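Chemist: Structure provided below as structure tokens; questions to follow.
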Amino acid sequence: MKKTAPDKDIEKPAADGSAVVVGASLSGLMAGIALAREGLHVTILEKADEDRPGGAGLQVDGGLFDRSKTARYLRKIVTDGKKSIKLWSTLENRLRTEVQSYSTIDLCFNVRVQTVDQDNAAAWAETDEGEVFRADILIGADGHRSQVRRHVAPHKPDATYAGYLVWFASIKEESMPEGERPGDGGPSVNMLGGINGGFFFGSVIGREDGSPGSENRRIGCTFYDNTRNDQLRRLGCVQGNVVHHSLAGPDIPDDTLDKLADQAYERWPEPWLSATLKALETRNLTGIPIKEYVPDNLVKGRIGLIGDAGHVPAPITASGFNESLQDAAALSKCVSAGVQGDAGTKALDKYESLRLNKVRQMVESGRGFGMSYGRP
Ligand SMILES: Cc1cc2nc3c(=O)[nH]c(=O)nc-3n(C[C@H](O)[C@H](O)[C@H](O)COP(=O)(O)OP(=O)(O)OC[C@H]3O[C@@H](n4cnc5c(N)ncnc54)[C@H](O)[C@@H]3O)c2cc1C
């Protein structure tokens, strides 16, 4: 049976009102849950299809210092409150299942928002097909190239390229030569110095039910590279100072794959060497140009930003997802008095006052690395 909000464990009256959330990746789904738990009716709009692929592994904190009930609740959904490395697809799946259990959340896929706007009484999103979704507040959870940010921070609409990329290779353990598999007793995480002062991370990402055995277990290898700026610009991944898209496996030039294989032979120990070679051979890797965004503001009137739409830290901070969870928790606290009329702008002002300095510091903490390693 679908949950109505507020959930059983919240002992207070439901807040009035409604919210539109743009983006249904990790931040958008967490925002939807956080707002619905406070009693709002939530509509989440996502441009992608429901069945999209997603390979990267994220380090998720255990939540030792989580003070709010909503933060603990979200943490329980994603990792049962344990610090761990999880595949993006696992996190997304768990959050989406939770969202779909609420009768007060409408989750819409294949809906691309083109513009957002607001007046004194409401905020709204208009899609590329001319459909308009109105609500008391609107939350942009639409990632590092956020459309909603153009409305909230028109003076600073873009995240900027940090001058390096991160290769992310991911393969099924089963596809490795039998003698080279990490197995149940092998290393589960390894961090090594990389090329030119970068890093290499290897991780074994366990299967959903946590049982031993290599079936469905994935090996992830992530390594930094600051030598590809011209290539990224030539291939259109970076235009000017703005990242437009990642470099997908099928689009990586052959000679780049050869050079990456040479580097792997020189530097990576087993089992990561075999895993990287297999990923290169099958083009199961993606080059992700790293971008950064230090926000001046997170809110304008009744429209606010959450997750990578609001702040983009370097992956070295391992905090993009973790801080997005804190954004969602802060949002739920701020809307508990309702969002209709002036209450909507007051709630979002409070959200900005709780989050802006923290997320600015978080992004700044990763910028020192980018400035010494990256070559914009
Ligand atoms: C290499 C790498 C490693 C990382 N490692 C870690 C880590 O170890 N730990 C950690 O905490 N974080 C990590 N992060 C950061 C983390 O992945 C993100 O911060 C987190 O996933 C939150 O993303 P998001 O939901 O805000 O944005 P996104 O995942 O970008 O989602 C935005 C969503 O909005 C949708 N959308 C965009 N535009 C529109 C539109 N116009 N209309 C409708 N929908 C739209 C998109 O389709 C997408 O679904 C890492 C990031 C990178 C790049």
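Chemist: Would you confirm whether or not segment 242-264 contains a residue that is open to solvent by 50 Å² or more (accessible area, probe 1.4 Å), within 15 Å of the ligand (Cβ to nearest atom) and outside any loop (DSSP other than H, G, I, E, B)?
Modeler: Checking segment 242-264: not a single residue is open to solvent by 50 Å² or more (accessible area, probe 1.4 Å), within 15 Å of the ligand (Cβ to nearest atom) and outside any loop (DSSP other than H, G, I, E, B).
Chemist: Let me ask something else about it. In this structure, does Thr70 turn out to be buried (at least 18 other Cβ atoms within 10 Å of the Cβ), assigned to a helix (DSSP H, G or I) and among the polar types (S, T, N, Q)? Don't jump to the end; show me each part of the working.
Modeler: Working: buried (at least 18 other Cβ atoms within 10 Å of the Cβ): yes; assigned to a helix (DSSP H, G or I): yes; among the polar types (S, T, N, Q): yes.
So Thr70 passes the test.
Chemist: Oh, and also: Taking the criterion of being assigned to a loop (DSSP other than H, G, I, E, B), free of Cβ contacts under 8 Å to residues at least 12 places away in the same chain and open to solvent by 30 Å² or more (accessible area, probe 1.4 Å), would at least one residue in segment 86-93 satisfy it? Break it down stepwise before answering.
Modeler: Filtering segment 86-93 down to residues assigned to a loop (DSSP other than H, G, I, E, B) leaves none.
So far as segment 86-93 goes, no, none of its residues is assigned to a loop (DSSP other than H, G, I, E, B), free of Cβ contacts under 8 Å to residues at least 12 places away in the same chain and open to solvent by 30 Å² or more (accessible area, probe 1.4 Å).
Chemist: Have a look at Asp49, Asp128, Asp61 and point out the one that is open to solvent by 50 Å² or more (accessible area, probe 1.4 Å), of a type in the set (Asp, Glu), within 11 Å of the ligand (Cβ to nearest atom) and touching a Leu at 6+ places or on another chain (Cβ under 9 Å).
Modeler: Numbers: Asp49 fails: touching a Leu at 6+ places or on another chain (Cβ under 9 Å); Asp128 fails: touching a Leu at 6+ places or on another chain (Cβ under 9 Å).
Residue meeting the stated conditions: Asp61.
Chemist: Further question on the same structure: Select, from Thr97, Thr115, the only residue that is within 15 Å of the ligand (Cβ to nearest atom), modelled with pLDDT of 90 or more and either under 30 Å from Phe201 (Cα atoms) or not in a loop (DSSP other than H, G, I, E, B) (or both). If you could, list the steps in order and put the result at the bottom.
Modeler: Numbers: Thr97 fails: within 15 Å of the ligand (Cβ to nearest atom).
Just a single option satisfies the conditions, and that option is Thr115.
Chemist: Looking at this structure, is Arg52 free of Cβ contacts under 8 Å to residues at least 60 places away in the same chain, within 19 Å of the chain's Cα centre (by Cα) and not in a loop (DSSP other than H, G, I, E, B)? First the steps, then the outcome.
Modeler: Numbers: free of Cβ contacts under 8 Å to residues at least 60 places away in the same chain: yes; within 19 Å of the chain's Cα centre (by Cα): yes; not in a loop (DSSP other than H, G, I, E, B): no.
When the stated conditions are applied, Arg52 does not pass them.
Chemist: For segment 338-375, which positions are closer than 12 Å to Glu292 by Cα and not in a helix (DSSP H, G or I)?
Modeler: Gly374
Residue-by-condition table, conditions (1) outside the structural domain of Ile33 (by TED's automatic domain parsing); (2) within 13 Å of the ligand (Cβ to nearest atom); (3) crowded, with 24+ Cβ neighbours inside 10 Å:
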site	(1), (2), (3)
Gly301	no, no, no
Thr317	no, yes, no
Ser324	no, yes, yes
Ala347	no, no, yes
Glu352	no, no, no
Arg355	no, no, yes
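Chemist: If you go through segment 140-152 one residue at a time, how many are more than 11 Å from His311 (Cβ to Cβ) and part of a loop (DSSP other than H, G, I, E, B)?
Modeler: Going residue by residue through segment 140-152, those that are more than 11 Å from His311 (Cβ to Cβ) are 140-143, 145, 147-148, 150-152.
Then drop every residue that is not part of a loop (DSSP other than H, G, I, E, B), which leaves 141-143, 145, 147.
Adding up the residues that qualify gives 5.
Chemist: Can you tell me which residue in segment 215-237 is surrounded by the fewest Cβ atoms within 10 Å (Cβ to Cβ), limited to those that are in contact with a Lys or Arg (Cβ under 9 Å, 6 or more places away or on another chain) and among the β-branched types (Val, Ile, Thr)?
Modeler: Of everything passing the filter in segment 215-237, Thr227 is surrounded by the fewest Cβ atoms within 10 Å (Cβ to Cβ).
The values are calculated or read from the model by the stated rules, or taken from the named source; none is laboratory data. Keep in mind that what you see is a predicted model, and the values were worked out from it rather than measured. FYI the Cβ positions are ideal-geometry reconstructions off the backbone, even for glycines, and counts take in every protein chain you see. These area figures cover heavy atoms from the full protein model, side chains too; ligands, DNA and RNA do not enter into them. Shrake-Rupley method; radii C 1.70, N 1.55, O 1.52, S 1.80 Å.
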